[in-house]
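Enquirer: Structure incoming, see below.
The values are calculated or read from the model by the stated rules, or taken from the named source; none is laboratory data. These numbers were taken from a predicted model, which means no experiment stands behind them. All Cβ positions, even for glycine, are placed from backbone atoms using ideal geometry, and neighbour counts span all protein chains on display. The area values use the complete protein model at the heavy-atom level, side chains included, leaving out ligands, DNA and RNA. Shrake-Rupley method; radii C 1.70, N 1.55, O 1.52, S 1.80 Å.
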Amino acid sequence: MTDFSPIRVAFLLFPNVTQLDLTGPAQVLSRLGNATIDLVAKTRDPVPTDAGFALLPTATFANATQPDILCVPGGFGVNDAIEDAATLAWVQQVAGNASCVTSVCTGSLILGAAGLLKGYRATCHWAQHHHLAAFGAIPVRERVVTDRNRVTGGGVTAGIDFALTLTAAIRGEAHARLVQLSLEYDPAPPFDSGSPDRADAETLARYQALAAKGAPGRDARTQAAAARLTER
């Protein structure tokens with residue numbers, strides 16, 4: 001019989017987060033049963049996402065309840081989050097008492113900058129995957145990677161696979177299968193272009209140009225964050 005003891009999940013919310021990194025897993029994890037979902041930000045002000053709409057925090061760094069699961073999403077706002085001392089301090093503090101420390105997409109770089117991936121196998125969005133090693137992580141090119149109490153998901157839509165994997169670990173595979181069915185999660189994309197290994201050269205080049213425009217200097221800022229971690 002599945003144990004449906006209470007469980008609290010906290011998502012870090014920061015400006016220019018990729019909302020699906022957060023809302024996809026949140027939709028799945030809300031169906032853990034007896035679960036509470038918190039969106040935690042610096043203030044209670046609406047937080048803009050990279051989709052053009054805002055999300056409302058349910059708690060702040062100052063008053064958030066200690067979660068059982070910490071989940072850090074990614075997005076173009078990751079570098080600003082990494083460079084914000086209050087954000088990193090909250091992630092470090094909460095992770096120390098969480099049963100499970102997790103991320104989706106480039107959220108793993110925030111975990112890395114907080115010193116939480118040293119010696120752990122981890123994954124990330126394919127375009128930023130090469131930065132993981134600089135934070136002491138062991139990069140793995142898989143959609144979901146579990147290493148002890150660290151669970152990391154790949155880019156954006158991998159967050160749903162990540163959350164189903166976590167659901168199975170917490171409530172059992174039978175419950176995870178039920179959640180998958182309830183969400184009709186049966187992906188059949190119209191194009192085979194969801195991986196850099198399968199996308200054509202033109203599509204890949206267009207993505208890289210858009211990414212550079214959306215987050216100028218991202219690589220240099222990420223490398224600087226890794227260097228700061230090494231100095232600590």
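Enquirer: Filter the chymotrypsin sites (Phe, Trp or Tyr not before Pro) in region 1-91 to those in DSSP coil with at most 12 other Cβ atoms within 10 Å of their Cβ, and list the result.
Expert: Taking region 1-91 and a limit of 12 other Cβ atoms within 10 Å, the loop chymotrypsin sites (Phe, Trp or Tyr not before Pro) found are 53.
Enquirer: Another question, then. Show that you can apply the helix-only estimate: for the chain, add -39,500 (n - 2.57) for every DSSP H stretch of four or more residues, divide by all residues, and state [θ] at 222 nm to the nearest 500.
Expert: Here the helix-only value at 222 nm equals -11500 deg cm²/dmol.
Enquirer: First select every other residue whose beta carbon is under 9 angstrom from the beta carbon of residue 126; then total the charges, Lys and Arg +1, Asp and Glu -1.
Expert: Charge balance in the 9 Å sphere: 0.
Enquirer: Something else: How about region 131-185: which chymotrypsin sites (Phe, Trp or Tyr not before Pro) there are in a DSSP loop, with at most 15 other Cβ atoms within 10 Å of their Cβ?
Expert: 185
Enquirer: Now for a different question. For region 139-228, which GluC sites (Glu not before Pro) pass both filters: DSSP loop (anything but H, G, I, E, B) and at most 10 other C-beta atoms within 10 Å?
Expert: The qualifying sites are 184.
Enquirer: In whole percent, how big is the carbon plus sulfur part of the accessible area of the chain, probe 1.4 Å, protein atoms only?
Expert: Here carbon and sulfur together make up 54 percent of the probe-accessible area.
Enquirer: Calculate how many DSSP beta bridges within the chain are antiparallel, expressed in % of all such bridges and rounded to the nearest 5.
Expert: 20
Enquirer: Is the C-alpha gyration tensor of region 14-133 telling us rounded, prolate or oblate? Criteria: a/c under 1.5 is rounded; beyond that, a/b larger than b/c is prolate, otherwise oblate.
Expert: Because its axes are fairly even, with a/c under 1.5, region 14-133 counts as rounded.
Enquirer: With a sphere of radius 15 Å drawn around the Cβ of residue 218, what net charge do the other residues whose Cβ falls strictly inside it have (Lys, Arg +1; Asp, Glu -1)?
Expert: Summing Lys/Arg as +1 and Asp/Glu as -1 gives -2.
Enquirer: Where does the charge balance sit around residue 8 when Lys and Arg score +1, Asp and Glu -1, over other residues with C-beta under 11 Å from its C-beta?
Expert: My count for the surroundings of residue 8 gives -2.
Enquirer: Counting heavy atoms of the protein chains only and a 1.4 Å probe, report the per residue accessible area for the chain as a whole number of Å².
Expert: Accessible area per residue: 48 Å².
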